[in-house]
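Here is the structure we will look at, set down as structure tokens.
What follows is calculated from the coordinates using simple rules that are stated; it is not laboratory data. All values reported here derive from a predicted model rather than from experimental measurement. We place every Cβ from the backbone using ideal geometry, glycine too, and count neighbours over all the protein chains shown.
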């Protein structure tokens, strides 16, 4: 994996303080600059202001859930593709329904390493099994 550039920043949108701290600690160990948002509205404001290189997004956020955040980002890209924020989105969620996963991928999610409906087969990781 390539080293992060000096301007690379990851936004973690997670309302569980313990999980947010764990994600920040682990990503920081890899050399990333990491910032956190505790709800969906704050995440959208920080995305607009900071233009992060990656968004790690919880689905069950207060104020605006992760689906609403992704839908708003998609609407901004349609309205103004040249200036709208466009970063990879990794969904981290305990939601396990296939419909939730499919909805997230339809809204621009690039990986869903969270809950997995059914067993993981042949030793493949959850994120590989469910990539779009």
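Numerical summary
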item: Ranked by how many other beta carbons lie within 10 Å on average, peptides 58-64, 97-103 from highest; result: 58-64, 97-103
item: Inter-site label distance for residue 106 and residue 21 at 7 Å from Cα along Cβ, in nm; result: 3.8
item: Tensor-based shape of segment 1-101 (alpha-carbon gyration tensor, a/c under 1.5 rounded, otherwise prolate or oblate); result: oblate
item: Extension gain (nm, one decimal) between residue 84 and residue 48, 0.36 nm per residue minus Cα-Cα; result: 12.1 nm
